[in-house]
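Please treat every number below as a calculation from the coordinates, not as lab data. None of the values given here were measured: they were computed from a predicted structure. Cβ: placed from backbone, ideal geometry, glycine included. Neighbour counts: every protein chain shown.
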Amino acid sequence: MGEVIVITSGKGGVGKTTTTANIGAGLALLGKKVVLIDTDIGLRNLDVVMGLENRIVYDIVDVMEGACRLKQALIKDKRYEGLYLLPAAQTRDKNSITPPQMVKLCDELRREFDYILVDCPAGIEQGFKNAIAGADRAFVVTTPEVSAVRDADRIIGLLEANEIRSPKLLINRVRQDMVKRGDMMSIEDIIDILAIDLIGVVPDDENIIISTNRGEPAVTDNKSQAGQAYRNITKRVMGETVPLLDLNGSEGLLSKMKKLFGIKPA
Amino acid sequence: MEEGRGIVFKGNAEGLIIVIPQGYTPEEIMSETEAKVSAASRFFKGAKINVAYRGPKLSDEDEARLKAILDERSGAVIESFSRQEESDLPPKKAAPAAPSAGIRRFFTSDINEDSCKFIRSTVRGGTRVEYDGSIVVIGDVNPGGEIIASGNVIVLGTLRGMVHAGAAGNRDAFIYALSLKPTQIRIAEAIARRPDDSDDHVLTPEIATVKDGLIIVEPV
Ligand SMILES: Nc1ncnc2c1ncn2[C@@H]1O[C@H](COP(=O)(O)OP(=O)(O)O)[C@@H](O)[C@H]1O
Ligand SMILES: [Mg+2]
């Protein structure tokens, strides 16, 4: 039975879609059977990030409305064995599907796939409710900005209220030079406030923008630091213990690791 | 339960209720009320209040004695004095009083005895907890989280959000936190916000109270 993981954040533009694409491709590279569901109906872009836009025939709303079979709407990514995408509808809105429908969809996909990754839209309304409905676990994405951390906090509260226990935190777009100057919140500061376990830290990396524009997730790029971070995160998703990427490029890594993973939710 | 606690003073926005347990002799009632009123006189001073008592019916003579004790010892002007019948209604509303400073609200003198709500998790942004009594949070209160209590608020963690203690008007309420970095705190009608240049790394527990109408924060 597969596992349904929702990737959410509250705030827009912090890296949910990027994270979904990279973890998805990362898991497929490690031989897992993975499907990515874009629930950002009306503002779909997971297909673009995956470079699969021109192959869309049916979308998630068509599946829900019975206009096609689920199998017909799944787009197979030819580059990575075992990776599929269920795209969002672009000309509909978030109210076109309901949480019970999502639960049913996830249950169906669970039988076929090892991992079902749900890319959640920004906000806390209908789109969010749909995205979390069928989820077993949640990753909360934030950037080291006060407003993003506030929204992450709110989202964690809502996830807990919806019985999605112990969500994991992904901190994206960290710039170690800025943290050192005291111009950016540190990882410790963020964990201190959010009080949940970390799944990983991804540096701010221009390779992400390049790879996004090319439609090739950075996780496949061995030269990209963000790609390395996503490879590590992928392994952690599969239950391996992998030390945090050292964004300083120097020692002190082990002690930091212990500190970060030692923190338990209050 | 009220029994077994002796005579209890209950305050609310309208006035004061004296709860007398069953089985008290008039002498016990008089002496205990006198002691309590004297101890609490600084809360009553200069105010006008309506008083009611709950419990066994007193003779007219004892009622008059009780009122006399309140008149003499409380330092307040007792606008009315009556027995509250079975119904749980508060004493009747004070006559519309002179502007602001003239009105004072009433509370049990002993805020150290109060019902209490415990919260055993982080109060995250977007969560609001209200309680008629005191609130203890075992965890943090994050920015955007709100705690509103008529009594005291104790945060056994970091307070980063908003707390209103003494929310019904009690200026004797306090706010205590292991780490006090709130967006804003309020006690009764006093409001304090975090200084823009505040030091984020205070690691000692602190307590906020009201002195001369202003909120002051001190290490404990
Ligand atoms: N680690 C990163 N480094 C640099 N740019 C990033 C990084 N993560 C995301 N971005 C960029 O930020 C923008 C928003 O990312 P996206 O994944 O679409 O966010 P969301 O889905 O949360 O709205 C995109 O342009 C993306 O390329
Ligand atoms: Mg997105």
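General observations
- Separation in nanometres of the label points that stand 7 Å from Cα toward Cβ, at B:Ser59 and B:Glu72: 1.9
- In chain A, the DSSP-assigned H stretches of four residues or longer account for a calculated mean residue ellipticity at 222 nm of -11500 deg cm²/dmol, using -39500 (n - 2.57) per stretch and the full residue count as denominator.
- Counting, for every residue in A:183-195, the Cβ atoms of other protein chains within 10 Å of its Cβ and taking the mean gives 2.
- Computed over neighbours whose Cβ is under 13 Å from that of A:Gln90, the net charge equals -4, Lys and Arg +1, Asp and Glu -1.
- Taking Lys and Arg as +1 and Asp and Glu as -1, the other residues whose beta-carbon sits under 12 Å from that of A:Pro217 total 0.
- Of A:Ser166, B:Ser59, A:Ser9, the sequence from fewest to most neighbouring Cβ atoms within 10 angstrom is B:Ser59, A:Ser166, A:Ser9.
- Cα centroid separation, segment B:108-186 to segment B:62-78 (Å): 35
- Sorting the Cα pairs of the protein assembly as shown by distance into bins of 20 Å, from 0 upward, gives 21, 38, 24, 15, 2 percent per bin.
- FRET efficiency for A:Asp246 and A:Val146, using Cβ-Cβ distance with R0 set to 30 Å, rounded to 0.05: 0.75
- The residues neighbouring A:Ile233, those whose beta-carbon lies less than 12 Å from its own, together hold a net charge of +3 under the Lys/Arg +1, Asp/Glu -1 convention.
- Using the Cβ-Cβ distance between B:Met30 and B:Asp212 with R0 set to 41 Å, the FRET efficiency from 1/(1 + (r/R0)^6) comes to roughly 0.70.
- Bridge orientation summary for segment A:35-137: considering DSSP beta bridges with both residues in this region, about 20 percent are antiparallel.
- Label-point separation in nm, B:Arg128 to A:Asp192, each point 7 Å along Cα→Cβ: 2.9
- Inter-chain Cβ neighbour average for residues A:149-156, partner chain, 10 Å: 5
- Once the Cα atoms are used to define both axes, helix A:16-29 deviates from the longest principal axis of chain A by about 80 degrees.
- Cβ neighbours within 10 Å from other chains - mean over B:170-178: 0
- Principal-axis tilt of helix A:253-262 within chain A, Cα atoms, nearest 10 degrees: 60
- Principal axis analysis of the Cα atoms in chain A yields extents of 55, 39, 32 Å, listed in decreasing size.
- Counting only Cβ charges, +1 for Lys and Arg and -1 for Asp and Glu, the dipole size of the protein assembly as shown around its Cα centre is about 1180 debye.
- Over 32 Å between alpha carbons, listed pairs A:Lys168/A:Lys223; A:Lys71/A:Lys223; A:Lys223/B:Lys181; A:Lys11/A:Lys223; A:Lys168/B:Lys117; A:Lys104/A:Lys235: A:Lys71/A:Lys223; A:Lys223/B:Lys181
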